[in-house]
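The block underneath contains the structure these notes are about, expressed in structure tokens.
The values are calculated or read from the model by the stated rules, or taken from the named source; none is laboratory data. The structure displayed is predicted, hence computed values, not measured ones. Heads up, the Cβs are rebuilt from the backbone with ideal geometry, glycines too, and the neighbour counts pull from every protein chain shown. Side chains are part of the model used for accessible areas, which takes the heavy atoms of the whole protein and leaves out ligands, DNA and RNA. Shrake-Rupley method; radii C 1.70, N 1.55, O 1.52, S 1.80 Å.
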Amino acid sequence: MGAVGIHLRRAGEYVRPAGRILLDDYGRTEGEYYAPGTYHHQDSLSRFRAGQKVEAELVPEPSNPWDARAVAYDVDGHRVAYLPTTAAKMWHDVVRGWNAAGFAVYVAAKVNSWEGDGEARFGLTVPKWGWQNLLAMAEAAGLRAASEAAVEGLPQEQRLRMREDGGYTPGEPSLRALRRKREQYPMFAWGGTRDGDLSERMPFWYGYFVREQMREEEELLRCARSVKSALTRGFRDEIGRRKEREREQERLRRRAQEEQALRLQGEGRRNREIAEELALTPKQVENLLRRARKAEGITLRHNEDLRAERHRAAADALRHRKSGMTRAQIAHAMGRSVDSVKDLLQDAVFYDAPEDHPERLALARHCTELRGAGLAKDEVLAKLGVTRAKGLRAFRDASFLGTDVREARDEAVLSGG
């Protein structure tokens with residue numbers, strides 16, 4: 001293993017992405033092996049006990065002077081071992097591709113012990129991953145598309161020569177042309193001068209995807225493609241889910257910021273003061289408040305319409321019930337399901353005498369208190385400690401109680417009470 005020397009990583013050489021993916025969740029291993037390089041990292045490994053299960057993070061080291069394509073194993077932020085050099089040539093670009101997509105890559109590993117030089121030493125047992133897993137990860141990270149684009153940019157004669165050779169040892173003109181494109185395709189790491197001539201230093205995936213394209217054209221991998229496609233889909237879906245979560249978090253963050261700005265304005269704070277509180281510019285606060293007022297106005301009108309419609313429907317359902325109709329007959333008359341009629345009847349009874357339903361009334365009041373404390377809807381639902389259906393019903397009940405109180409207060413004012 002050429003990369004077992006003590007490499008001091010440069011500042012910013014590796015910054016752990018916010019997301020994470022554990023490879024054990026996506027495929028089966030093909031055995032295990034002892035990771036090389038542990039001899040030089042006994043200080044880090046000695047913090048663990050033999051047999052302890054850990055999660056090892058794959059960390060590329062493009063500035064490693066022994067191997068520009070080295071990939072280390074880190075545990076709890078401390079380097080403890082390396083991938084073998086041959087494996088690192090393939091994994092380096094894949095791991096960097098996933099890092100660029102926002103994911104740190106982990107594998108399940110185990111600390112082992114052995115005797116060396118008359119004293120106990122520690123090692124790391126890591127899984128051996130199958131080729132299909134690695135290939136699926138490479139394609140999901142976009143390496144195939146980038147590789148084919150780089151080769152497609154070569155003159156036709158050079159492309160044909162690469163195909164004739166199967167991408168193993170392209171001619172010097174092709175290699176130099178690809179190397180000149182390295183800044184255009186930074187996801188591929190070229191080997192250092194220690195690796196030999198340019199054909200040895202060329203990124204593994206350039207040659208592989210030339211061969212892959214040829215094999216697919218000859219339909220030699222028809223069966224393997226179905227397995228690879230399923231794995232690739234799984235990895236791509238994971239990236240898509242992460243992006244969707246990030247969008248939702250950003251939406252919630254903006255909504256919370258808008259609510260906070262409205263609250264501060266309601267307290268009489270000026271835009272400049274609100275800007276200082278939220279670490280924004282006055283112009284940003286102005287735009288924020290405009291969007292918040294617009295969104296709240298639309299939401300309030302919409303909610304009021306929904307509440308009024310709900311109250312009318314509940315009253316109609318109760319009126320039908322008092323006339324002697326069954327739930328099924330009421331459902332047919334109102335064009336609703338039987339379950340919907342059941343909920344409407346329960347609402348109608350509660351609206352008529354909330355005090356007769358202490359548990360439901362207490363939940364509605366608790367909801368009102370949480371909303372009054374400035375919590376967002378999802379936060380309120382979480383703190384209520386009930387099912388989502390009951391939580392949403394508590395929101396409706398709280399709105400009804402608030403409306404009922406306001407109307408009673410207005411009637412008292414009009415009557416001089």
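Annotation for ASP76 and ARG270: the two label points, set 7 Å from Cα along the Cα-Cβ direction, are 5.3 nm apart. Here the contact order of segment 60-131, divided by its residue count and restricted to Cα pairs under 8 Å and six or more residues apart, works out to 19 percent. Only lysines eight or more places from LYS228 in sequence, or on another chain, were considered; those with a Cα closer than 24 Å are LYS89, LYS128, LYS243. Of all DSSP bridge pairs formed entirely within the chain, close to 85 percent run antiparallel.
Heavy-atom accessible surface of TRP114, to the nearest 10 Å², is about 100 Å², with a 1.4 Å probe and all protein chains retained.
Computed over neighbours whose Cβ is under 14 Å from that of ALA382, the net charge equals +3, Lys and Arg +1, Asp and Glu -1. Only Lys, Arg, Asp and Glu carry charge here, each on its Cβ (+1 for the first two, -1 for the last two); on that basis segment 1-139 has a dipole of about 160 debye about its Cα centre. In this Cβ point-charge picture (+1 for Lys and Arg, -1 for Asp and Glu), the chain has a dipole of about 920 debye about its Cα centre. Between ASP378 and LEU22, what FRET efficiency comes out of the Förster formula 1/(1 + (r/R0)^6) with R0 = 45 Å and r the beta carbon distance, rounded to 0.05? The calculated FRET efficiency here is 0.95. Spread over its residues, the convex hull of the C-alpha atoms of the chain is 270 Å³ per residue. Size estimate for segment 129-243 follows the Kirkwood approach: the inverse of mean 1/r over distinct Cα pairs works out to 15.1 Å. Each Cα pair of segment 9-103 feeds into the Kirkwood radius, which the Stokes-Einstein equation turns, at 10 °C and 1.306 mPa s, into a diffusion coefficient of 112 µm²/s.
Each label was represented as a point 7 Å from its Cα along the Cα-to-Cβ direction; for SER340 and ARG49 these points are 6.1 nm apart. Can you list the lysines whose alpha carbon is less than 25 Å from that of LYS322, not counting same-chain residues fewer than 8 positions off? Here the lysines satisfying the reach criterion relative to LYS322 are LYS342. Structure remark: mean-square fluctuation, Gaussian network model of the chain, C-alpha springs under 10 Å; the largest value among ARG79, ARG49, ARG233 belongs to ARG49. Counting protein heavy atoms only, the chain has 49 percent of its accessible area on carbon and sulfur, 1.4 angstrom probe. Structure remark: mean-square fluctuation, Gaussian network model of the chain, C-alpha springs under 10 Å; the largest value among GLY240, GLY266, GLY37 belongs to GLY266. The residues of segment 27-137 expose on average 41 square angstrom of accessible surface per residue, using a 1.4 Å probe on protein heavy atoms.
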